[in-house]
1. For Ser62, are the conditions met, namely being surrounded by 10 or more Cβ atoms within 10 Å (Cβ to Cβ) and small (Gly, Ala, Ser)?
2. Those residues that are outside any helix (DSSP H, G or I) and not basic (Lys, Arg), I need them from region 38-64; list them, please.
3. When you go through (1) modelled with pLDDT of 90 or more; (2) surrounded by 10 or more Cβ atoms within 10 Å (Cβ to Cβ) one by one for Thr55, which number turns out not to apply?
4. List every residue pair whose Cβ atoms lie under 9 Å apart, where the two residues are 6 or more positions apart in sequence or sit on different chains, the first residue falls within region 29-46 and is exposed (fewer than 11 other Cβ atoms within 10 Å of the Cβ), and the second residue, located anywhere, is part of a helix (DSSP H, G or I).
5. Exactly one condition in (1) at pLDDT below 90; (2) part of a helix (DSSP H, G or I) is false for Val81; which is it?
Amino acid sequence: MDSDSLLAKPGECMQNACMPAITIRHVPEGVRDALAARATAAGKSLQEFLLGELTEMAARPSVEDLLAAVRRRKAAVPADVSTDEILESLEDGRR
């Protein structure tokens, strides 16, 4: 194998060479230890564990996005029941 075959060609990535890195400074020791323990329990390295957690976090919609979706849904389907009627129904169910 020649040295040219080990180098990435323009536009190609080798392993993680093209992935950005994130550094978090000033992590309290207790936080780091707790995360390391979770990683160990999951049979993963700390980096693998944190990458999985970050990936899941990024996949979830933000609270703001969820609220916006609820508002859109609510606006699209007007309520035919008043607040008073809902409260009355709740009270009737408690009796």
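The values are calculated or read from the model by the stated rules, or taken from the named source; none is laboratory data. These numbers were taken from a predicted model, which means no experiment stands behind them. Quick reminder, even Gly has a Cβ in these numbers, built from the backbone with ideal geometry, and neighbours come from all protein chains shown.
1. No, not satisfied.
2. Ala42, Gly43, Ser45, Pro61, Ser62
3. With (1) modelled with pLDDT of 90 or more; (2) surrounded by 10 or more Cβ atoms within 10 Å (Cβ to Cβ) applied to Thr55, the lone miss is (2).
4. Close Cβ pairs satisfying both conditions: none exist.
5. In the conditions (1) at pLDDT below 90; (2) part of a helix (DSSP H, G or I), Val81 misses (2) alone.
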